Amino acid sequence: MTDNGNAPCRLGVLVSGGGTNLQAIIDRIEAGEIRAEVACVISNKADAYALTRASQHGITVVVHENANFSNRQSYDTATVEILRSHNVDLVILAGFMRILTDVMVNAYPNAIMNIHPALLPAFPGLHAQQQALDYGVRYSGCTVHFVDCGTDTGPIIMQSVVPVEQDDTEETLSARIQKAEHQTFATAIKLFVEGKIRVDGRKVRIAA
Ligand code: GRF
């Protein structure tokens, strides 16, 4: 993906929960560090606090629940329509707790980013922090990757390493990893909007 000229990159952020990653992205944009704007925030949960965070910054929010859709493809078809209606260039999964189908992946090839709270390919899926604790690793962290149709399997863009302490619980490790997430996700988005990311098969090349 290359820099699209003068217009700021338009982000569509998909959320399900608290939205601390969304907040970090908004803060970096408002600080002038990332040349982008959040075109819309879409939540599959009506009570997600991320929606409140977005509204506080004057960002358009869309509640898009799955109850009215018979399958994942039809839900994703509707999601793509919402994203296109807001002219979204880059889709950000910031704690969006659904697996995407080929409908979404094909609509935004190498333009959907996810943050995962472990060093992939270790500990994909749910409860990654607890998986890391149960395995007994000394280090975990977070991974920003492009999204394909698998569970946390797409090409890796950036990773940050976080130590695991002996007395960590899922909560304490999650909190330490989240601090790294906020930095790492925003940095990956900045590189994308600056046109510095190129995907070569499974490998992501980052220009200096
Ligand atoms: C993060 O831990 C992220 O790694 C995972 O979901 C969580 C979202 O947190 N995918 P928040 O909603 O950004 O606070």
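Looking for whichever is surrounded by fewer than 19 Cβ atoms within 10 Å (Cβ to Cβ), modelled with pLDDT under 95 and more than 11 Å from the ligand (Cβ to nearest atom) here; the options are Ala67, Ala31, Ala46. Which one fits?
Exactly one residue qualifies, and that residue is Ala67.
Just to be sure before I move on: is Gly19 within 11 Å of the ligand (Cβ to nearest atom) and at positive phi in the structure I sent?
yes
Out of segment 48-87, which residues are among the basic types (Lys, Arg) and closer than 29 Å to Asp27 by Cα?
Arg53, Arg84
Out of the strands (runs of 3 or more DSSP E) lying entirely within segment 72-165, which hold 2 or more residues that are open to solvent by 50 Å² or more (accessible area, probe 1.4 Å)?
156-163
Restricting segment 166-190 to residues that are in a helix (DSSP H, G or I) and more than 18 Å from Gln23 (Cα to Cα), which is most open to solvent (accessible area, probe 1.4 Å)?
Once the filter is applied, the top-ranked residue is Glu171.
Answer with yes or no whether Leu83 is under 23 Å from Val144 (Cα atoms) and touching a residue at least 60 places away in the same chain (Cβ under 8 Å).
Here the answer is yes, as Leu83 does meet what is asked.
Checking the conditions here, which among Pro163, Pro121, Pro155, Pro109 is away from the ligand (no atom under 11 Å from the Cβ) and closer than 25 Å to Ala78 by Cβ?
Answer to the check: Pro109.
The values are calculated or read from the model by the stated rules, or taken from the named source; none is laboratory data. No experiment lies behind these values; they were computed from the predicted model shown. FYI the Cβ positions are ideal-geometry reconstructions off the backbone, even for glycines, and counts take in every protein chain you see. Accessible surface areas use protein heavy atoms only, side chains included; no ligands, DNA or RNA. Shrake-Rupley method; radii C 1.70, N 1.55, O 1.52, S 1.80 Å.
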